[in-house]
Amino acid sequence: MSNEYILETRGLTKEFKGFVAVSDVNLKVRRGSIHALIGPNGAGKTTVFNLLTKFLQPTTGSIFYNGTDITEDRPAQVARRGIIRSFQISAVFPHLTVLENVRIGLQRKLGTSFHFWKSQKSLEQLNGRAMELLEAVDLASFAGTMTVELPYGRKRALEIATTLALDPELMLLDEPTQGMGHEDVGRVVGLIKKVAADRTVLMVEHNLNVVADLSHVITVLQHGSVLAEGPYEEVSKNPQVLEAYVGAAHD
């Protein structure tokens with residue numbers, strides 16, 4: 001496997017009792033790029049994410065990360081390798097402050113994730129780095145706010161901050177702008193550009209404007225298989241893609 005690619009799948013296939021959700025997907029994610037997975041509902045995008053992060057085991061096929069076969073890894077092993085994922089539903093602790101949420105991510109890097117009995121003073125050593133991460137996602141002014149009180153778009157920004165706290169080499173973002181208004185979408189797109197400056201991003205996204213703005217390469221899935229791949233300018237003019245994806249979006 002070339003060092004040019006951080007992630008590669010070969011013949012990735014997942015069957016559920018005779019139903020083929022993902023079929024022979026060969027994916028190459030270039031190091032330092034923003035790579036988008038798009039396609040109509042049911043195309044297999046989230047299943048691919050679940051296979052990559054080992055929440056599902058492939059029926060056949062292989063997954064390589066930094067040249068190492070990780071097909072048999074467990075989810076925790078994949079995370080330790082530097083592959084960190086966000087989910088469609090915002091995954092933060094609602095009854096902790098914004099700062100405390102980020103601090104939990106930082107504790108994991110120190111190997112103290114579950115040391116909830118640690119004194120407040122011992123945890124405060126993490127505050128400096130936590131505030132740096134909140135600054136990076138424009139949430140510093142919300143540090144003391146209970147997370148449950150944050151607007152939806154800000155919660156997604158916080159999720160990016162907690163993901164960054166784990167210092168990922170490869171970020172997998174699952175529908176990062178889902179359910180957002182125009183202003184929040186613009187803010188999150190800006191954040192993704194910022195955090196992608198020194199890492200690789202693979203994202204599932206329905207908003208084609210976001211995909212066009214962010215992505216270097218787009219892989220289009222349909223019925224679990226790769227329909228097309230390339231830059232947005234090329235993929236967006238593909239008649240099969242227009243029929244399968246854009247047409248479906250406008251039905």
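The values are calculated or read from the model by the stated rules, or taken from the named source; none is laboratory data. Quick caveat: nothing in here was measured; it's all calculated off a predicted structure. In this analysis, Cβ positions are derived from the backbone assuming ideal geometry, glycine residues included, and neighbour counts consider all displayed protein chains. Only protein heavy atoms, including side chains, enter the accessible area calculation; ligands, DNA and RNA are left aside. Shrake-Rupley method; radii C 1.70, N 1.55, O 1.52, S 1.80 Å.
Remind me, relative contact order of the chain in percent, using alpha carbon pairs under 8 angstrom and six or more residues apart?
Dividing the mean separation by the residue count of the chain yields 27 percent.
Can you list residues from other chains, or at least 5 along the same chain, whose modelled amide H is less than 5 Å from the amide H of M203?
The list, which skips near neighbours in sequence, is H35, A36, L37, L173.
Please report, in cubic angstrom per residue, the volume enclosed by the convex hull of the alpha-carbon atoms of segment 1-80.
Roughly 93 Å³ of hull volume per residue.
Please report, as a whole percent, how much of the solvent-accessible surface of the chain comes from carbon and sulfur atoms (probe radius 1.4 Å).
52 percent
In the chain, what percentage of the DSSP-assigned beta bridges are antiparallel, given to the nearest 5?
Looking only at bridges with both residues in the chain, the antiparallel portion is about 55 percent.
Please report, in debye to the nearest 20, how large the charge dipole of the chain is about its Cα centre when each Lys and Arg carries +1 at its beta carbon and each Asp and Glu carries -1 there.
It comes to approximately 800 debye.
What is the distance, in nm, between label points placed 7 Å from the Cα along the Cα-to-Cβ direction at F93 and at E135?
2.4 nm
Rounded, prolate or oblate: pick one for segment 127-168, where a ≥ b ≥ c are the square roots of the eigenvalues of its C-alpha gyration tensor, a/c under 1.5 means rounded, and failing that, prolate if a/b is larger than b/c, else oblate.
In terms of gyration-tensor shape, oblate.
Taking Rg and Dmax of the Cα atoms in Å straight from the coordinates, which label in (1) 18.9, 64; (2) 23.1, 73; (3) 18.6, 60 is the correct one?
Only one option fits the structure, namely (3).
Tell me the volume per residue, in Å³, of the convex hull enclosing the alpha carbons of segment 34-99.
146 Å³
Work out how far the C-alpha atoms of segment 161-221 reach from end to end along every principal axis, then list the three figures in whole Å, largest first.
Result, largest extent first: 27, 26, 17 Å.
Mean-square fluctuation check for the chain, GNM, Cα pairs under 10 Å: which of E159, E234, E175 is largest?
E234
Return one whole number: the accessible area per residue of the chain in Å², for a 1.4 Å probe.
So the chain comes to 48 Å² accessible per residue, rounded to a whole number.
Mind checking the full-extension length gain between D24 and D167? Use 0.36 nm per residue of separation minus the Cα-Cα distance, one decimal, nm.
Extra length available between D24 and D167 comes to 48.4 nm.
In whole Hz and in residue order, list the ³J(HN,Hα) couplings for segment 167-183 that follow from phi through the Karplus curve 6.51 cos²θ - 1.76 cosθ + 1.60, θ = phi - 60°; x for Gly and Pro.
With the stated coefficients, segment 167-183 comes to 6, x, 8, 10, 9, 9, 10, 9, 6, x, 10, 4, x, 9, x, 4, 5 Hz.
Pairs K155/K237; K17/K193; K155/K193; K54/K237; K45/K155: which are spaced more than 29 Å apart, C-alpha to C-alpha?
As for pairs spanning more than 29 Å Cα to Cα, those are K155/K237; K17/K193; K54/K237.
Using only the Cα atoms of segment 9-55, build the gyration tensor, take square roots of its eigenvalues as a ≥ b ≥ c, and label the shape rounded, prolate or oblate: rounded if a/c is under 1.5, else prolate if a/b is larger than b/c, else oblate.
prolate
Estimate the FRET efficiency between M146 and E72 by the formula 1/(1 + (r/R0)^6), using the beta-carbon distance for r and 45 Å for R0, to the nearest 0.05.
That gives a FRET efficiency of 0.65.
Any idea what log10 I(q)/I(0) is at q = 0.13, 0.15, 0.18 Å⁻¹ for segment 120-251, Debye with uniform C-alpha scatterers and no solvent?
For the requested q values the scattering log ratios are -0.63, -0.79, -1.03.
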